[in-house]
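Working notes, beginning with the structure itself.
Rule-based calculations on the coordinates, nothing more; no lab input. All figures in this text were calculated on a predicted structure; none of them were measured in a lab. Every residue, glycine as well, gets a Cβ built from its backbone with ideal geometry; the counts of neighbours run over all protein chains shown.
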Amino acid sequence: MTADTQQQTPTETRVPSTPAWAMLRTLGGIALISGLLVALVYQFTLPIIAENQRVLTEKAVFHVLPEASVKHDFVITDKGGLAPVGSGAEGEVVYGGYDAQGHLVGLAITGVAVGYAGPIRVLFAYDPDCRCLTGSKVLSSNETPGFGDKLDFDPVFLKNFEELDARLDAEGKALANPIVTVKHGTKSRPWEIDGISGATISSKAMGRAANAAAQHAVPAIERDLAWLKQQH
Amino acid sequence: MAELPDTREKLTPDTFLRGLWEENPVFVMLLGMCPVLAVTSTTMNALAMGLATTFVLVCSSMLVSLLRNWIPKQVRIASYIVIIATFVTIVDYGIQAISLELYAALGAFIQLIVANCVILGRAEAYASKQRLTTTFVNSLGMGAGFTLALLALGTVREILGNGTILGISLFPADFQPWIVMILPPGGFFVLGAWLLLFNWLRLRKERKQTEQIGVTAHAR
C-alpha cells in the first residue's frame, strides 16, 4: 500500500498545473470591466431615479389630496411639532398640499401596519378643517391579489375614508377615539372603518395603519397648524 | 488552447429560430422556471421580465464570446457569473430609471436574473465556444423565445385572473375573474397547459414525419 501511494504521488502532482497568472489576470480584468460599467450606469441613472421617486411621491400625494397643486414636505420633530425638510430636523415626513391660491387643503401622512403578507404602507389625507381623514392610497403591500388589493379599489371600502373622524382629545396629544376597523356592515360611529368581508386581516391592518398615522402626525399638525397655513 | 474550427456554427436562420421553437428555453428545455412562474401574473410584468432577461442574456453572452480565449477553464464559471451580475445590476438601475412602479411589481426577480440558468447555460454551452456574431444571433433568439414563453403565460393569466389585458378591461364589470390564475397555483396550471399543447404538437409532427417516411419507403 505504502509503495503504491509513493508511486502515485509524483504522477498526480505532474497533472494540470494551475495557470495562476492567467486566472488572476482574467478575474481581475473582468472585475475591472464590471466595476467600470456598473459605476458608469449608476452615475447616469442616479438623477433619473431620484426624479422618478419624487414624481411617484408627488403623484401619490396629489391622489389623496386632489385639490392640491403644490406640495411642501415637513418632518415631525422629536418635540412633537413640524419643521421644513432640510432644516436639519429628522423624523417622519408629512406632505402639505396647497392649492393655487396658497391655501392649505390638507396633509398627506404615512402609516404602516402588518397585514396578511407583510407590512402595508399607506398614505392618508388629513383635512384640518373637518379634523378627519379624507383619502387613502396604498403605497406598498404584498397582499393577495383579488383580496388584499381591494384596499385601494373597492368603492364601498374607500367610502370609509371620505370623512373618517380623527379629532384629538382635550390634551391634544392623542386621538379622542382611536381609529378601528369593525366587521363589515357594523360601522356605527364616525371613527370606525367598515371592514371588507373576505379580506378581514388586510382591512384591519388598514385601520391600524390609519390609527398609527393619525396618532403620530395629527397632534403635531394641530400644534403647528397656524404656521403650516403660512408655508405656501 | 486553440479551438477546433468544426465546433463553430455557421450563421443560418436556424441559429436564431432554434431558440423560439426547437430549443425554446421554457417549453422545451424547462430552464429558468422561477421567473416564469413568479412574475407572469400580468402581461406587462411578463414583457418587462422577458426583455430584461434578453438584455442580460445577449450582453453577457457577447462578452463571454469576446473573452472566450482569454478565460482559463478553472475560473470560467466565476467569470461568467461576474459578467452576468454586472449586466443584471445595469438592468436593475435601468428599470428603476424607466419606472419605479414596474420595478416594484417585478420585486426581487430582477436581481434573481443572475441565477437564471438560461443565461449561464448559454454562456457555458454556446457563447464560450462560438464566434461573436453567431453568439449574438443565437442568444437573441433564446431571449425572444424566453420572452414569448413569458408572454404566453402572462396574457392567459391576466385575462383569466384579472379580466384584463395590458390593464384594459375585456369583460363587463360584473365579470368575476378567476383569481387563482394570478396566484402561484395559476402559474403551474397555465404552464402545464402550455407544455401539454407544445408536446402534443411536437408528437403530432413526429408522427406525421414517420408516417411519410413509411409511405415513401412503401412506394419504392
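Tabulated results
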quantity: All lysines inside 28 Å of B:LYS73 as judged from Cα atoms, apart from same-chain residues fewer than 8 positions distant; calculated: B:LYS10, B:LYS129
quantity: Of the GluC sites (Glu not before Pro) in segment B:1-89, those whose Cβ has at most 13 other Cβ within 10 Å and which sit in DSSP loop; calculated: B:GLU3, B:GLU22
quantity: Bins of 10 Å from zero: percent of alpha-carbon pairs in chain A; calculated: 7, 25, 25, 14, 7, 6, 6, 5, 4, 1
quantity: Helix runs (DSSP H) in chain B reaching 30 Å along axis by Cα, Kyte-Doolittle at least 0.5; calculated: B:43-66, B:76-98, B:132-162
quantity: Rounded to 10°, Cα long-axis angle of helix A:20-64 versus longest principal axis of chain A; calculated: 10
quantity: Over 19 Å between alpha carbons, listed pairs A:LYS159/A:LYS229; A:LYS137/A:LYS173; A:LYS137/A:LYS204; A:LYS79/A:LYS137; calculated: A:LYS159/A:LYS229; A:LYS137/A:LYS173; A:LYS79/A:LYS137
quantity: Cut-off 14 Å between beta-carbons: net charge of the residues surrounding A:PHE147, Lys and Arg +1, Asp and Glu -1; calculated: -2
quantity: Test item: B:62-74 mean partner chain Cβ contacts at 10 Å; calculated: 3
quantity: Relative contact order %, segment A:49-228, counting alpha carbon pairs below 8 Å whose residues are six or more apart; calculated: 19
quantity: Average partner coverage of A:43-55, which counts Cβ from other chains inside 10 Å; calculated: 3
quantity: Burial order of peptide ranges B:146-152, B:74-80 (average beta-carbon count within 10 Å, highest first); calculated: B:146-152, B:74-80
quantity: Debye intensity ratio I(q)/I(0), log10, the protein assembly as shown, q values 0.06, 0.08, 0.14 Å⁻¹ (C-alpha model); calculated: -0.42, -0.67, -1.25
quantity: Per-residue [θ]222 nm for chain B (sum of -39500 (n - 2.57) over DSSP H runs n ≥ 4, rounded to 500); calculated: -21500 deg cm²/dmol
quantity: Rg(Cα)/(2.2 N^0.38 Å) for segment B:76-220, N = residue count; calculated: 1.43
quantity: Shielding by partners - mean other protein chain Cβ count within 10 Å, residues of B:88-94; calculated: 5
quantity: Sum of side-chain charges, A:GLY172 neighbourhood, beta-carbon under 14 Å (Lys, Arg +1; Asp, Glu -1); calculated: +1
quantity: Longest segment of chain A lacking GluC sites (Glu not before Pro) that sit in a DSSP loop with at most 16 other Cβ atoms within 10 Å; calculated: A:93-162
quantity: The protein assembly as shown - share of DSSP beta bridges that are antiparallel (%, nearest 5); calculated: 90
quantity: Principal axes of segment A:17-63: Cα extent on each, largest first, Å; calculated: 66, 16, 5
quantity: Principal-axis tilt of helix A:2-14 within chain A, Cα atoms, nearest 10 degrees; calculated: 70
